[in-house]
Amino acid sequence: MKHIAWAAFALILGSSAAMADVVKPGDVTFDEGAVPAPLTGQAGVAEEGRKTFISRKLGNCLACHENSEMKLEQFHGEVGPSLDGVADRWNEAELRGIIINSKNTYEGTIMPGFYVGEDFPRTAKQFKGKTILTAQQVEDVVAYLKTLKEQ
Amino acid sequence: LALGSHTAQADEDAKLVIEGQELVTKTEAPAHLQENLDEIYSGWVFRSSETQALQLDDFENPAFVFIDQAVDVFETAEGTAEKACSDCHADVEDFKGLRASMPRVKDGKLQTMEDQINQCRTEQMGAKAWGWSSTQMQSMVTLVGLQSRGMPMNVTIDGDAKPFWEQGKEIYYTRHGQLNMSCSNCHEDNYDNNIRADHLSQGQINGFPTYRLKNAKLNSVHDRFKGCIRDVRAEPYKVGSDAFRALELYVSSRANGLSIETPAVRN
């Protein structure tokens, strides 16, 4: 019993510490399409971002974007541009902005905003008031995209 | 349109010929759609050659198992009136042409094929209404629809159909759900593109009900709408709701000019 209670306590501590320096979706500051300040105090982990990029339940970025770095993954989409060398085209702040809310970079784009504090018509109950990715997942994906360089 | 970027993709010039009859799978967009699309394509065009082939021959097309069942049901008396469809409709072929003009407005209401069939069941036969997407209902919808195969889709969108059509159009272009996407984002702006493993079509319904290899049954139009809306993480309208009737009329009108393909085969 004792160690279970302790684990729960640690979890609460951990999450509140992490929560404290997370920028909420409504508080994100854009500079044109870019977001210079990271959303969390914890640096993104590229390897985690790569998983989020592939996962159908999380980023599902691969549904729309081809990415030669992960050739072994099946079924690369072609709705958006190939992300080969994307870090040569956009800096970190711009990449973060595109993931948080691509509509600020591309008006009317089909690409979903992954960290937007707004519900769209008929959003299903289980997704109401939620962002597609968490702040940390966004940072992870940014870290991953920064590795996609051709030059 | 540049088909063929994927190995299993069909030949862009492949023709849909069934029982010697050539169906129209690509044609000029109807006037109301021309601000957004020049040409309209049947979903058949976007399927792999293996899936396409299943629709070329009624003996290969798995939907015909269900049609055979509906042929029997058509002759079977049911309900308090102890009547069969065939007691009032001597030959199912008399329904030729009907599918091409459904949904339609009748007595001020937008009526789909499912509505008409259930109306006959409850009011004429004293039988219980069938569930909208039930196998019995969709088999009968398919049997009636088959009588119009090869005829051009031609739903009415003006007159008293206008307000329903407008409502359907509004739904079609509204971005829904957590993913914030409209039907047009996928089926108008991105048809012929792959989205993950799926080759996007124009989302036409001239082939419905469709037999899908994925679930091995006949799929209603409304079930398909429901699936697409759910995929964008939105709350779908109810199957058989007025919203989906209106959307069905609007989406049908986007296919005006394409041949009725009922029953199409899809993956």
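Brief remarks on what is shown
- The listed residue being of a type in the set (Asp, Glu), at pLDDT 95 or above and in contact with a Phe, Trp or Tyr (Cβ under 9 Å, 6 or more places away or on another chain), out of B:Glu75, B:Glu82, B:Glu114, B:Glu93: B:Glu114
- Failed item in (1) modelled with pLDDT under 95; (2) under 20 Å from B:His187 (Cβ atoms); (3) of a type in the set (Gly, Ala, Ser), with B:Gly43 passing the rest: (1)
- Residue list for region A:101-128, filter: within 15 Å of B:His176 (Cβ to Cβ) and surrounded by 14 or more Cβ atoms within 10 Å (Cβ to Cβ): A:Ile110, A:Pro112, A:Gly113, A:Val116, A:Asp119, A:Phe120, A:Arg122, A:Thr123, A:Ala124, A:Phe127
- Any hit, region B:216-226, residues being touching a Gly at 6+ places or on another chain (Cβ under 6 Å) and either at the interface with another protein chain (Cβ under 10 Å from one of its Cβ atoms) or surrounded by fewer than 23 Cβ atoms within 10 Å (Cβ to Cβ) (or both): no
- Pair list, Cβ < 6 Å and 6+ apart or interchain, from region A:48-59 residues that are away from chain B (no Cβ under 13 Å) and more than 9 Å from A:Val141 (Cβ to Cβ) to residues that are surrounded by 16 or more Cβ atoms within 10 Å (Cβ to Cβ) and at pLDDT below 95: none
- Residue in region B:96-103 that is in contact with a Gly (Cβ under 7 Å, 6 or more places away or on another chain), in contact (Cβ under 8 Å) with a residue 40 or more places away in the chain and over 23 Å from B:Gln167 (Cα atoms) present: no
- For region A:85-129, the set of residues classified as among the basic types (Lys, Arg) and either in contact with a Ser or Thr (Cβ under 8 Å, 6 or more places away or on another chain) or free of Cβ contacts under 8 Å to residues at least 40 places away in the same chain (or both) consists of A:Arg89, A:Lys103, A:Arg122, A:Lys125, A:Lys128, listed by residue number.
- Test: residue in region B:133-156 that is within 21 Å of B:Asn219 (Cβ to Cβ) and among the charged types (D, E, K, R): yes
- Qualifying residue in region B:161-172 (condition: at pLDDT 95 or above, within 30 Å of A:Met111 (Cα to Cα), within 14 Å of chain A (Cβ to nearest Cβ) and surrounded by fewer than 16 Cβ atoms within 10 Å (Cβ to Cβ)): yes
- Taken residue by residue, region A:131-145 has no member that is surrounded by fewer than 18 Cβ atoms within 10 Å (Cβ to Cβ) and either more than 14 Å from every other protein chain (Cβ to nearest Cβ) or modelled with pLDDT of 95 or more (or both).
- Matching residues, region B:194-230, being under 16 Å from B:Ser48 (Cβ atoms), over 10 Å from the mean Cα position of the chain (by Cα) and of a type outside the set (Gly, Ala, Ser): B:Asn194, B:Ile195, B:Arg196, B:Asp198, B:His199, B:Leu200, B:Tyr211, B:Arg212, B:Leu213, B:Lys214
- Region A:78-100 - residue that is within 14 Å of chain B (Cβ to nearest Cβ), under 18 Å from the mean Cα position of the chain (by Cα) and surrounded by fewer than 22 Cβ atoms within 10 Å (Cβ to Cβ) and, of those, farthest from B:Asn190 (Cα to Cα): A:Ser82
- Selection of region A:102-130 for residues being more than 9 Å from chain B (Cβ to nearest Cβ) and within 10 Å of the chain's Cα centre (by Cα) yields A:Phe114, A:Tyr115.
- Filtering region B:194-208 to residues that are out of contact with any Gly (no Cβ under 7 Å at 6 or more places or on another chain) and at the interface with chain A (Cβ under 9 Å from one of its Cβ atoms) leaves B:Ala197, B:Asp198, B:Leu200.
- Candidates B:Ile260, B:Ile157 - the one that is surrounded by fewer than 24 Cβ atoms within 10 Å (Cβ to Cβ) and touching a Ser or Thr at 6+ places or on another chain (Cβ under 6 Å): B:Ile157
- A:Gln74 being in a loop (DSSP other than H, G, I, E, B) and over 23 Å from B:Cys183 (Cα atoms): yes
- Matching helices (runs of 4 or more DSSP H) fully within region B:78-193 where at least 3 residues are closer than 17 Å to B:His32 by Cβ and under 17 Å from the mean Cα position of the chain (by Cα): B:162-173
The values are calculated or read from the model by the stated rules, or taken from the named source; none is laboratory data. Since the structure is predicted, the reported quantities are computational estimates derived from the model, not experimental observations. As a convention, Cβ positions derive from the backbone with ideal geometry for all residues, glycine included, and neighbour counts pool all protein chains shown.
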